[in-house]
Protein chains: 2
Amino acid sequence: MPRVSQDHLDARRRQILDGSRSCFARYGYEGATVRRLEEATQLSRGAIFHHFKDKESLFLALAEDDATRMADVVAEQGLVQVMRNLLDASSASPALGADWLGTRLEVSRRLRTDQEFRERWAQRSEQLTAATRARLQWQKDAGNLRDDVDIDVLTAYLELVLEGLLSHLAMGLPAQHLSPVLDLVEESVRRHRTR
Amino acid sequence: MPRVSQDHLDARRRQILDGSRSCFARYGYEGATVRRLEEATQLSRGAIFHHFKDKESLFLALAEDDATRMADVVAEQGLVQVMRNLLDASSASPALGADWLGTRLEVSRRLRTDQEFRERWAQRSEQLTAATRARLQWQKDAGNLRDDVDIDVLTAYLELVLEGLLSHLAMGLPAQHLSPVLDLVEESVRRHRTR
């Protein structure tokens, strides 16, 4: 019989992820020191790095968490709904959302200069791309999607708009006017019999 | 008669802008020290800061330069063409483009936390928004624009895609597949009689 149950391990892992997420949001990637991560998670560095190899792995696990959650929403409701949720979340708690997204800006900077990090990040993003493409294929099969543009182009289009939205929100720019923009985005991938 | 001609002042200003642009691209905003700016422009700090109040003003002047050039292209050819030009420039010299855009990522971080800087930046961006709106109005009057969506929404839409593209290129991500995406963006603001 294992000394520590799987449930316990999972709960501990969740505790680390939740605590460190707010820590990264508050202090940024660089500012989230090991000491601050200990405080935020109420666990020792030994416990934290038993679950995650290093700070980067911990951060990537959070990004993976986001990607998984987004992919779940994409599968059920599509990528435009993910964007609507981001918009709602940011208007509900602008500072928190912007802080967490601001951490992604630091990731962006890192992506530019760190090849290995870029590859690890790409694996996480691929999950969202796959979910988006699958959802679009499903919509196409149901006759809801425009059929004059390749699905890969539609996928890249939606992802480009998502990048714009993430960047916009991360900069803390006003976003209340973007809801009709998302309507337009959604409509532009749909099939139209007449306009 | 003035001791220094306006032509001379303009040339000096241009020399400072060109040199400092490559300096910011190479070292980033923080890394572009006064000493490095002196080397890059081949001018003394006294000469540089005779023309620009401080490093921030110099950087904002470069951003204004970009905005003005973009606005000129927008007025003639529209915002989608600006995006196509960015795409072409980045495939012609990926590192150079990404480095300069990467500096904008640092600006993005600053935008989040510095209210005064955000206001100065907003004044620069407003120029591009105005040009985009004017161009769309012109297209609408010519009967080329869809008329079921407000021009402000179409403007915000194009700007959101631009933000996505800038972010994408700044991260140094592959972009060769984005050309048909821009076709889709362009098409989605146009009037369609049939599809």
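For the residues A:Leu128, A:Leu154, the requirement of being in a helix (DSSP H, G or I) and at pLDDT 95 or above singles out A:Leu154.
Among B:Asp141, B:Asp150, B:Asp99, B:Asp183, which is the only one that is touching a residue at least 40 places away in the same chain (Cβ under 8 Å), more than 23 Å from A:Trp100 (Cβ to Cβ) and charged (D, E, K, R)?
Details: B:Asp141 fails: touching a residue at least 40 places away in the same chain (Cβ under 8 Å); B:Asp150 fails: touching a residue at least 40 places away in the same chain (Cβ under 8 Å); B:Asp183 fails: touching a residue at least 40 places away in the same chain (Cβ under 8 Å).
Answer to the selection: B:Asp99.
Is it fair to say A:Gly102 is in contact with an Asp or Glu (Cβ under 9 Å, 6 or more places away or on another chain) and small (Gly, Ala, Ser)? It is false that A:Gly102 is in contact with an Asp or Glu (Cβ under 9 Å, 6 or more places away or on another chain) and small (Gly, Ala, Ser). The set of residues in segment A:3-22 being out of contact with any Asp or Glu (no Cβ under 8 Å at 6 or more places or on another chain) and hydrophobic (A, V, I, L, M, F, W, C) consists of A:Val4, A:Leu9, A:Ala11, A:Ile16. Any residue in segment B:105-126 that is touching a helix residue (DSSP H, G or I) at 6+ places or on another chain (Cβ under 6 Å) and β-branched (Val, Ile, Thr)? So far as segment B:105-126 goes, no, none of its residues is touching a helix residue (DSSP H, G or I) at 6+ places or on another chain (Cβ under 6 Å) and β-branched (Val, Ile, Thr).
Residues are listed down the side, and each one gets a yes or a no for (1) buried (at least 19 other Cβ atoms within 10 Å of the Cβ); (2) within 16 Å of the chain's Cα centre (by Cα); (3) among the small types (Gly, Ala, Ser):
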residue: A:Leu105; (1), (2), (3): yes, yes, no
residue: A:Ser108; (1), (2), (3): yes, yes, yes
residue: A:Gln115; (1), (2), (3): no, no, no
residue: A:Trp121; (1), (2), (3): yes, yes, no
residue: A:Ala134; (1), (2), (3): no, no, yes
residue: A:Trp138; (1), (2), (3): no, no, no
residue: A:Asp141; (1), (2), (3): no, no, no
residue: A:Val149; (1), (2), (3): no, no, no
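All conditions in (1) surrounded by 15 or more Cβ atoms within 10 Å (Cβ to Cβ); (2) out of contact with any Phe, Trp or Tyr (no Cβ under 9 Å at 6 or more places or on another chain) hold for B:Gln77, with the sole exception of (1).
Across segment B:43-100, the number of residues qualifying as away from every other protein chain (no Cβ under 14 Å), hydroxyl-bearing (Ser, Thr, Tyr) and more than 10 Å from the chain's Cα centre (by Cα) comes to 4. Sub-7 Å Cβ pairs linking a first residue in segment A:160-174 that is buried (at least 22 other Cβ atoms within 10 Å of the Cβ) to a second residue that is of a type in the set (Gly, Ala, Ser) and not in a helix (DSSP H, G or I), at least 6 apart or interchain, are A:His168/A:Ala175; A:Leu169/A:Ala175, ordered by first then second residue.
When A:His8 is tested against the conditions (1) in a helix (DSSP H, G or I); (2) over 17 Å from the mean Cα position of the chain (by Cα); (3) surrounded by fewer than 16 Cβ atoms within 10 Å (Cβ to Cβ); (4) at pLDDT 90 or above, the lone failure is (4).
State whether one or more residues within segment A:131-145 are out of contact with any His (no Cβ under 6 Å at 6 or more places or on another chain) and within 9 Å of chain B (Cβ to nearest Cβ). Checked against the condition, which is being out of contact with any His (no Cβ under 6 Å at 6 or more places or on another chain) and within 9 Å of chain B (Cβ to nearest Cβ), segment A:131-145 yields no hits at all.
Within segment A:159-180, the set of residues being within 16 Å of A:Ser90 (Cα to Cα) and of a type in the set (A, V, I, L, M) comprises A:Leu162, A:Leu165, A:Leu166, A:Leu169, A:Ala170, A:Met171, A:Leu173, A:Ala175, A:Leu178. Restricting attention to segment B:158-191 and to residues that are closer than 20 Å to A:Val149 by Cα and in contact with a His (Cβ under 8 Å, 6 or more places away or on another chain), the residue that is modelled with the highest pLDDT turns out to be B:Leu178. Inspection of segment A:172-180 finds a residue satisfying the criterion of being under 29 Å from B:Gly28 (Cβ atoms), of a type outside the set (Val, Ile, Thr), out of contact with any strand residue (DSSP E or B) (no Cβ under 8 Å at 6 or more places or on another chain) and more than 8 Å from every other protein chain (Cβ to nearest Cβ).
The values are calculated or read from the model by the stated rules, or taken from the named source; none is laboratory data. Note that the structure is a prediction, hence the values are computed from the model and not measured. Quick reminder, even Gly has a Cβ in these numbers, built from the backbone with ideal geometry, and neighbours come from all protein chains shown.
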